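J.: Input: one structure, supplied below.
Each reported figure results from applying straightforward, stated rules to the coordinates on display, with no laboratory input. Source: prediction; values computed, not measured. For neighbour counting, all protein chains shown are included, and Cβ atoms are generated from backbone atoms with ideal geometry for every residue, glycine included.
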Amino acid sequence: MANVLLEFKASAGDSEPQSRPVLIVGQLANLQQLNWTHVKGKLQPVVTKE
């Protein structure tokens, strides 16, 4: 099995997913390692932690 280093590079500022679509690409096992705090600025208010 490969040794994977997951790096999430957040772009500057939050986005508005209602007017600018967001695409998240990656293998499920790697995406599951992301914390909500890292991606919430790009997904809220359309997507919540729940």
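J.: Going highest first, how would you order 24-34, 38-48 by mean Cβ packing within 10 Å?
T.: The densest-packed peptide leads the list: 38-48, 24-34.
J.: Related question: Which whole-Hz ³J(HN,Hα) couplings does segment 38-50 yield from phi under the Karplus relation 6.51 cos²θ - 1.76 cosθ + 1.60, θ = phi - 60°, glycine and proline marked x?
T.: My calculation for segment 38-50 gives 6, 10, 4, x, 8, 10, 6, x, 5, 10, 10, 4, 5 Hz in order.
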